[in-house]
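Participant: A single structure is presented below for examination.
The values are calculated or read from the model by the stated rules, or taken from the named source; none is laboratory data. Please read these numbers as outputs of a predicted model, since none were measured by experiment. Methodologically, a virtual Cβ is constructed for each residue, glycine included, from the backbone with ideal geometry; neighbour enumeration extends over all protein chains shown.
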Amino acid sequence: MSATLTAEVIQDDIAVSVARATAAANKRARELGVDVLQSIITITQRSSKDDAFWRINYGPKDYVGRRGGDLIIEVDQSTARINQVLWGQ
């Protein structure tokens, strides 16, 4: 089922921020060789007194019997600039 995005949805600052951050993180993940479509993607918000970031984690869909190897990309919530890239062990 498809739905048309209304002006109200597009004006949702959090939704737009998550979409921008995800697009930036997906681009970097692909550049680093991660198959985004074959990843479990989780997004969490991290904030401090002065900053707010989206932490986007790419893990394998087939994770049984595997350890580590996740890619974590931290993206600035307001600018969609990548702040940090971390690889799990």
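Participant: When you go through Gln84, Gln45 one by one, which is the residue that is among the polar types (S, T, N, Q), surrounded by fewer than 12 Cβ atoms within 10 Å (Cβ to Cβ) and part of a strand (DSSP E or B)?
Facilitator: Testing whether each residue is among the polar types (S, T, N, Q), surrounded by fewer than 12 Cβ atoms within 10 Å (Cβ to Cβ) and part of a strand (DSSP E or B) leaves just Gln84.
Participant: Across the range 4-31, what is the total count of residues that are outside any helix (DSSP H, G or I) and either in contact with a helix residue (DSSP H, G or I) (Cβ under 9 Å, 6 or more places away or on another chain) or surrounded by 12 or more Cβ atoms within 10 Å (Cβ to Cβ) (or both)?
Facilitator: 1
Participant: Out of Ser39, Ser17, Ser47, which single residue is at pLDDT below 90 and of a type in the set (Ser, Thr, Tyr)?
Facilitator: Ser47
Participant: So is Ile40 more than 16 Å from Gln77 (Cα to Cα) and in a strand (DSSP E or B) or not? Full working, then the answer.
Facilitator: Numbers: more than 16 Å from Gln77 (Cα to Cα): yes; in a strand (DSSP E or B): yes.
So Ile40 passes the test.
Participant: Those residues that are of a type in the set (Gly, Ala, Ser), over 13 Å from the mean Cα position of the chain (by Cα) and assigned to a strand (DSSP E or B), I need them from the range 48-81; list them, please. Step through it out loud before you land on a result.
Facilitator: Of all residues in the range 48-81, those of a type in the set (Gly, Ala, Ser) come to 48, 52, 59, 65, 68-69, 78, 80.
Adding the requirement that they be over 13 Å from the mean Cα position of the chain (by Cα) leaves 48, 52, 65, 68-69, 78.
Result: Ala52, single match.
Participant: Before we move on, is Val34 surrounded by 12 or more Cβ atoms within 10 Å (Cβ to Cβ) and outside any helix (DSSP H, G or I)?
Facilitator: Criteria met by Val34.
Participant: Find all pairs meeting these conditions: Cβ atoms under 7 angstrom apart; at least six residues apart or on different chains; first residue within the range 61-76 and within 19 Å of Leu32 (Cα to Cα) and modelled with pLDDT of 75 or more; second residue assigned to a loop (DSSP other than H, G, I, E, B) and of a type in the set (A, V, I, L, M).
Facilitator: Pairs that qualify, where the first residue is within 19 Å of Leu32 (Cα to Cα) and modelled with pLDDT of 75 or more and the partner is assigned to a loop (DSSP other than H, G, I, E, B) and of a type in the set (A, V, I, L, M), are Leu71/Leu32; Leu71/Val34.
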